[in-house]
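**Student:** Can you read through this structure? Questions will come right after.
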Amino acid sequence: MPGVIEAKKRIIEASKKGQKIAIYADYDADGICGAAILYKALKDYFDEIKVVIPDRSEGYGLNKDAVEKMVKEKISLLITVDCGIKNVAEIELAKKNSIDTIVVDHHQLGEKLPKAIIVHPFLGKDLQFKYFSGGGVAFFLSKALSKKEGQEKWLLDLVAISTIADMVPLVHDNRIIAKYGLLVLNKTKNMGLSKLMEIANINKAGAYEVGYMIAPRLNAAGRISLPQKSFDLLINEDVKKIESDARELDQLNLQRQDLLKNGQRDVIEKIKKRGIDKGPFIVIETKFPEGVIGLIAGKITQYFYKPSIVLSVRDGLYKGSARSIPGVNITQLLKDCEHLLESFGGHEQAAGISIKKENLTKFKKQILKLSEKFDEKIFLKKLYIDALIDIDKINISLARNIEKLEPFGQGNYKPIFAVEKASVRDIRYLGKSKDHLSFDLGGNKAIAFCFEEKCWKLEKVKLYDIAFSIEIDRWGGREKVKLIVEDVKER
């Protein structure tokens, strides 16, 4: 990994000189896990390590106030994790005040790089694979710092969480990281993770459990409270504190779910009422907290299948989260509007922005105009079916063979099957709000999540083409086939 050797030398130098060191990480699950990975490796070199996980209201990346505070605290070496690559001015300020910086990041490179030691896969000309998570990049540095061979293996649980949570492609090296990281996670020595899994009723953690049960709980603190709580859980060894923190994250996640549900419903209604969904790009302001607007943007993009930006305002400055669809590079679109933005950054499919209120109308017009260049076919949602299958061929043996292809995620998707002209039986509504559906399909239990959002209507007397993935439902020592419905079309 480019920069690892130089970074290790500077860290060892700081240790020998007794210099003060600080970690500054992003507030999402990737950044928090990355900070914990590096913290555990650095404990072999330093008795005290300052760790800063900024509040979401401070904005993404290193900020001037944080640097000035570190100057007062006489920090000599700053390590940014999952951020920093675009913080040229802030790192220059640190350098002027005798603080050296190591940037450990994976986000897109800017036109100008900060004056720092940079650990970043995109700077490696000979790397066969470059699309690691921030925690993944931190792991390579931690591995180099490890004083005992094989010791870094026990950090792979955190690396797997960061990799799956940040939705980087689960191919090549990431597939290895995720596979073996999940093995470590299920034997984890991390007391905080173990307690969080216990509270979430996770008996065996796979990619689904990480993406939909563990990562949301770690993210919940940063969305509606303080992200430092999640970091503390991952490094703490006080049993009582771990119990308390894990339960608090669980409760924060429940609050986050309620906020998301209300926010999604409210924003969809506004978009339809104002006719904003008629254009190729959706930009909308909302009253909901900054911590959930990214989740709302994701839901809006899924619902309308169009790129979207959801904004919240504070003190005349709008903070926004952008989500996109395949074929539309959201970060490139934002770059073309850069003169109207205070800041922006992200990936092809997700980004964050800040914009002054007086520039919002101009921004909306420009991004709509830029979006009109895309072929209309891009905005047609597609579901690729891997194979048509006869209902009587769906069995536990097939489900077990599919399971061997795990972990599934970005770039390694679950196989999607479809049956044609199928009838359904035993239709039941599930969930507190009755927004999920289960039914019998050829003797197998099928579940359709959020079926009303997708406008699916099922009746026993009709025939349907049904697309689904195949899973194993394990309960009480027994295994049954479970079908997760992806789409339904009436014949």
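Read-outs throughout are calculated quantities, based only on the coordinates presented, and are distinct from any laboratory measurement. Since we're looking at a predicted model, the values are computed, not measured. Virtual Cβ from ideal backbone geometry, glycine too; neighbours counted across all protein chains shown.
**Student:** Can you sort 309, 484, 176 from fewest to most other Cβ atoms within 10 Å of each residue's own Cβ?
**Tutor:** 176, 484, 309
**Student:** Counting only other residues whose beta carbon sits under 13 Å from that of residue 79, what net charge do I get with K and R as +1, D and E as -1?
**Tutor:** -1
**Student:** Right, something else. Using alpha-carbon positions, what is the distance between the centroids of segment 54-76 and segment 396-437, in Å?
**Tutor:** 46
**Student:** Among DSSP beta bridges whose residues both lie in the chain, state the antiparallel percentage, nearest 5.
**Tutor:** Given both bridge residues lie in the chain, the antiparallel proportion sits at roughly 65 percent.
**Student:** Still on this structure, please answer the following. Roughly how far apart, in whole Å, are the Cα centres of segment 361-391 and segment 103-157?
**Tutor:** After rounding, the separation between the Cα centres reads 33 Å.
**Student:** For residue 376 and residue 266, what does the FRET efficiency come to when R0 = 30 Å and r is the distance between their Cβ atoms, rounded to the nearest 0.05?
**Tutor:** Here the calculated transfer efficiency is 0.55.
**Student:** Go ahead and run the numbers for FRET between residue 428 and residue 315, Cβ-Cβ distance against an R0 of 35 Å, rounding to 0.05.
**Tutor:** E between residue 428 and residue 315, to the nearest 0.05, is 0.10.
**Student:** Name the residues whose placed amide hydrogens come within less than 5 Å of the amide hydrogen of residue 285, ignoring near sequence neighbours (fewer than 5 apart) on the same chain.
**Tutor:** Placed amide hydrogens put 311 under 5 Å from residue 285.
**Student:** Viscosity 1.306 mPa s, temperature 10 °C: give me the Stokes-Einstein translational D for segment 313-374 in µm²/s, with Rh taken as the Kirkwood radius over C-alpha pairs.
**Tutor:** Estimated diffusion coefficient is 135 µm²/s.
**Student:** In addition: Considering amide H positions built from the backbone, and no H for Pro or chain starts, which residues 5 or more places from residue 118, or on another chain, come under 5 Å of its amide H?
**Tutor:** Distant-sequence amide H within range of residue 118: 103.
**Student:** State to the nearest 20 debye the size of the charge dipole of segment 1-68 about its Cα centre, where the only charges are +1 on K and R beta carbons and -1 on D and E beta carbons.
**Tutor:** The calculation lands at about 420 debye.
**Student:** Which value results for Rg/Rh of segment 379-491 when Rg is the Cα radius of gyration and Rh the Kirkwood radius based on the inverse mean 1/r?
**Tutor:** 0.95
**Student:** Tell me, 337, 450 in order of fewest to most beta-carbon neighbours within 10 Å?
**Tutor:** With the sparsest Cβ surroundings first, the list reads 450, 337.
**Student:** Largest first, please: the extent of the C-alpha atoms of segment 276-379 along each principal axis, to the nearest Å.
**Tutor:** Sorted from largest, the Cα extents of segment 276-379 read 40, 27, 25 Å.
**Student:** For the chain, what relative contact order do you get, as a whole percent, if you take Cα pairs closer than 8 Å and at least 6 residues apart?
**Tutor:** Contact order relative to length: 10 percent.
**Student:** To make sure I understand the rule: partners must be lysines, Cα under 22 Å from the Cα of residue 112, and not fewer than 8 residues away in the same chain. Which ones qualify?
**Tutor:** 64, 86, 95, 96, 125, 130, 335
**Student:** If each residue's Cβ is checked for other Cβ atoms within 10 Å, how do 475, 456 rank with the fewest at the top?
**Tutor:** Fewest-to-most Cβ neighbours within 10 Å comes out as 475, 456.
**Student:** Leaving out same-chain residues fewer than 8 places away, which aspartates and glutamates sit with a Cα under 16 Å from that of residue 195?
**Tutor:** 157, 209, 232, 237, 238, 243, 245, 248, 250
**Student:** Let me ask something else. Pop a pseudo-label 7 angstrom from the Cα along the beta-carbon direction at both residue 148 and residue 171 and give the gap in nm to one decimal.
**Tutor:** With each label point 7 Å from Cα toward Cβ, the separation is 3.8 nm.
**Student:** Tell me, what HN-Hα J-couplings in whole Hz come from the Karplus equation 6.51 cos²θ - 1.76 cosθ + 1.60 at θ = phi - 60° for each residue of segment 457-471, using x for Gly and Pro?
**Tutor:** 10, 10, 9, 4, 7, 10, 10, 9, 8, 10, 9, 7, 9, 10, 10
**Student:** Skipping prolines and chain starts, which residues have an amide H placed within reach, meaning under 5 Å, of the one on residue 49, given they are 5 or more residues away or on another chain?
**Tutor:** none
**Student:** Give me the base-10 log of I(q)/I(0) for segment 4-252 at each q in 0.09, 0.11, 0.15 Å⁻¹, Debye formula, one uniform scatterer per Cα, rounded to two decimals.
**Tutor:** Ignoring solvent entirely, the Cα scatterers give -0.35, -0.53, -1.02.
**Student:** Hey, another quick one. Round to the nearest 0.05 the FRET efficiency obtained for residue 274 and residue 398 when R0 = 56 Å and r is the Cβ-Cβ distance.
**Tutor:** 0.75
**Student:** Hey, what do the phi angles of segment 314-328 turn into as Karplus ³J(HN,Hα) couplings, whole Hz, using 6.51/-1.76/1.60 and θ = phi - 60°, x for Gly and Pro?
**Tutor:** The phi angles translate into 8, 6, x, 10, 8, 10, x, 10, 10, 9, 9, 10, x, x, 10 Hz.
**Student:** Grab the DSSP H runs of the chain that are 4 residues or longer, score each as -39,500 (n - 2.57), total them, divide by all residues and round the 222 nm result to the nearest 500 deg cm²/dmol.
**Tutor:** Roughly -12000 deg cm²/dmol at 222 nm, from the helical runs in the chain.
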